[in-house]
Structures are given as C-alpha cells and as structure tokens.
Amino acid sequence: MTPVTPSFPVLKLPYLAVKNVIKTMRISSMIYLAVCSKKMRSLVQSTFSKPNNMHIEIYERHLSLRVSGSICFEVAQIPTGQLRFQGRFRLKVCNMNLKDWFDLFMYAFRCDWIELASTSAWSHLRAAQLLEGREVSSLFLIHDNNDFIVKTLDMFMPTKELNLSNRPSKEEPYLRNIFTRNFDSIHLSFPISLEELCSINSASINIDFLSVKDFKKFLKNWVNGGNPRLQKLDVNVMKNDKKKKYMADYLSGIDINSFKIEEKDGDSWESFNIQRSDGTTAEVRIDDTHVRTHFAVIPKSN
C-alpha cells in the first residue's frame with residue numbers, strides 16, 4: 001500500500017489565518033512556497049510588515065544574497081539556478097536563473113533597499129541586467145583596481161551610502177562631484193585633504209586620518225556654516241603624545257564649552273561642545289585610548 005503524504009489545505013483558510021501559518025514557517029519552507037506561484041509569493045510577502053534590505057555580492061559564477069543581515073542565500077550560475085540557503089538547504093529549479101532568484105527574493109521578502117558590494121571584479125553588464133534599472137541604495141567597493149572602481153561608480157552610483165576602500169585615480173573634479181552628493185553616509189578608507197572633507201555633503205562621515213591642525217580648521221569651518229548637513233563625523237585624529245597635552249590645548253581660537261576629561265575601566269576620553277551662530281551645538285569626543293575622535297550634532301530640544 002502506498003503511504004499517504006500528509007497535506008494541509010493552507011489556501012482554504014481565511015487570509016489572516018494563512019498569514020499566521022506562513023509566519024510560523026522556516027525560511028526554507030517560505031522559499032518553497034514562493035517558488036510555487038505568484039499568489040504564494042504574494043502571501044509570503046504579506047508576512048513581512050516592514051521593508052527589508054538586500055545585500056548583494058556578485059561573483060563570477062554565483063550571487064551571495066543577504067536579507068536584512070540574517071537571511072543568507074547563495075545562488076549558483078553553474079549548475080543553473082541552484083539555490084543554497086545558509087550552507088545547508090539546497091533547491092534547484094531548472095527554469096530559474098540568477099535574475100529570477102534575485103527578483104523572487106526582492107519581491108517575496110519585501111526588499112526596497114539594495115546594498116551592492118564588491119570584493120572582486122565582476123561583469124558590469126551582468127550586474128546591470130540583474131538590477132534592471134533598480135536604484136542601488138548602498139555601495140561597498142573593497143577593491144584596488146582603479147578602472148573597476150571608476151566604472152562601478154559611473155554605472156551604480158548609490159543614492160544613500162558609499163563605502164570606498166581606495167581613492168579613484170581620475171581628474172580632480174571627479175571625486176569632488178562624488179563628495180558633494182547628498183549621501184546619508186560616506187565611509188572612506190584613504191586619506192583626504194581638508195578641502196575635500198569640507199566639500200562632503202553627507203549627513204554621516206567616517207574617514208581614517210586627519211591631522212590635529214586640519215581637524216581644528218574643520219571645526220572652525222563648521223562653526224562658520226560649513227558642512228551644513230553633517231550630523232556625525234568619526235575620524236582618527238593624530239596627536240603629539242610627547243607633549244602630553246589634552247586636545248583642548250591644540251584648539252586655541254575656538255570657542256568651546258562643557259570641557260570634560262573622563263576615565264573608566266582603563267579608557268580615557270575628553271569632550272567639549274562647540275556652537276554655531278544659529279544655536280546648533282555639536283559635541284566633540286576624543287577617545288585617547290584608541291585615538292578616535294567623534295563629532296556629533298546635538299539635537300535641539302523642542
């Protein structure tokens with residue numbers, strides 16, 4: 001006698017009951033459902049009340065996809081359309097290619113933010129076909145090939161966040177045009193000049209190095225209205241340890257207040273406030289232990 005496979009008529013349940021059933025499923029089961037039909041794909045999507053982000057890494061023969069930092073997939077080009085979920089669950093659908101899987105995940109998991117990352121060279125044409133006109137919200141370029149960096153920036157300039165590990169070697173206006181864009185966040189792992197820092201129009205800036213002299217000039221520029229969108233800056237500010245002076249000693253000529261020196265669990269830091277003529281106040285916090293300086297605009301109280 002042939003054994004009977006247990007079944008559950010999920011689609012015969014009321015809509016809210018169906019959503020509750022799908023919410024209890026493992027991600028791998030949700031994927032099975034999403035592959036079945038457009039209706040099941042829509043039901044899977046309905047269980048995600050908030051939009052997710054999709055982190056994409058493109059390699060020569062596969063994609064690495066991560067939804068909101070926790071749901072991880074790899075989709076292989078060879079064999080065509082094979083999906084591997086978190087290194088264990090495997091699913092192959094013969095008529096699905098890389099783009100089909102990408103489109104399915106973008107829709108089923110309600111993704112409206114695309115993070116595109118590159119640690120190795122890949123085909124720009126393939127990436128363009130995959131994204132098919134979708135906006136790249138965040139771009140991470142951990143790459144040292146200048147031609148690849150420039151071409152990637154030209155084709156997939158992000159709308160919200162930019163992370164660059166190496167300076168693009170191109171004529172001077174090129175980088176300036178990037179810095180003046182209205183990014184939410186920009187992270188640069190290479191030295192930049194004071195002029196370049198003051199031209200950045202992002203709300204959040206993270207850079208590797210700035211001299212104390214230039215940091216002082218930056219603060220003066222901010223007090224006088226520079227970097228108007230800036231809310232946060234993280235930077236390594238190098239001090240002359242031989243002089244055994246606090247940062248405040250280097251900042252003569254800047255009107256500072258609320259200066260404090262604090263120590264806790266072997267760490268020490270200094271902090272002070274500076275203010276613009278419009279009343280906007282920022283806190284500058286210097287971590288002596290790790291030589292890291294944090295600048296943050298203090299929200300105005302209502």
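Please treat every number below as a calculation from the coordinates, not as lab data. All of these numbers come straight from a predicted model, not from anything done at the bench. Every residue, glycine among them, receives a Cβ derived from its backbone with ideal geometry; neighbour counts consider all protein chains shown.
Per-residue 3J(HN,Hα) values for the range 156-173, derived from phi via the Karplus relation 6.51 cos²θ - 1.76 cosθ + 1.60 with θ = phi - 60°, read 10, 4, x, 9, 10, 9, 9, 10, 10, 8, 9, 6, x, 8, 8, 4, 3, x Hz in sequence order (x marks Gly and Pro). Amide H contacts under 5 Å for H143: S165, N166, restricted to partners 5 or more places along the chain or on a different chain, H placed in the peptide plane at 1.01 Å from N.
Using the Karplus relation 6.51 cos²θ - 1.76 cosθ + 1.60 with θ = phi - 60°, the per-residue 3J(HN,Hα) values for the range 124-139 come to 5, 5, 5, 5, 5, 5, 5, 6, 6, x, 5, 6, 8, 6, 9, 10 Hz, with x marking Gly and Pro.
Against the main long axis of the alpha-carbon atoms of the chain, helix 27-36 sits at an angle near 60°.
Listed values for the range 108-119 are Karplus-derived 3J(HN,Hα) couplings in whole Hz (6.51 cos²θ - 1.76 cosθ + 1.60, θ = phi - 60°), namely 5, 9, 6, 8, 10, 10, 10, 9, 9, 10, 9, 10, and x replaces Gly and Pro.
Of G225, I254, L131, which is farthest along the charge dipole of the chain in the positive direction, counting Lys and Arg as +1 and Asp and Glu as -1 at C-beta? Looking along the dipole axis, the top candidate is L131.
Computed over the chain with a Gaussian network model linking Cα atoms closer than 10 Å, the most mobile of I205, I254, I286 is I254. Given the alternatives [x] 90, 44, 37; [y] 117, 57, 33; [z] 131, 43, 34, Cα extents along the principal axes in Å as computed for this entry is given by [x]. Among the listed pairs K50/K99; K170/K300; K220/K260; K39/K151, a Cα-Cα separation exceeding 30 Å is found for K170/K300; K39/K151. Given the options S204, P299, C111, identify the residue whose Cα lies farthest towards the positive end of the charge dipole of the chain (+1 on Cβ of Lys, Arg; -1 on Cβ of Asp, Glu). The Cα lying farthest towards the positive end belongs to C111. Evaluate the charge dipole of the chain about its Cα centre and quote only its size in Debye, nearest 20, assuming +1 on the Cβ of each Lys and Arg and -1 on the Cβ of each Asp and Glu. My answer is approximately 1180 debye.
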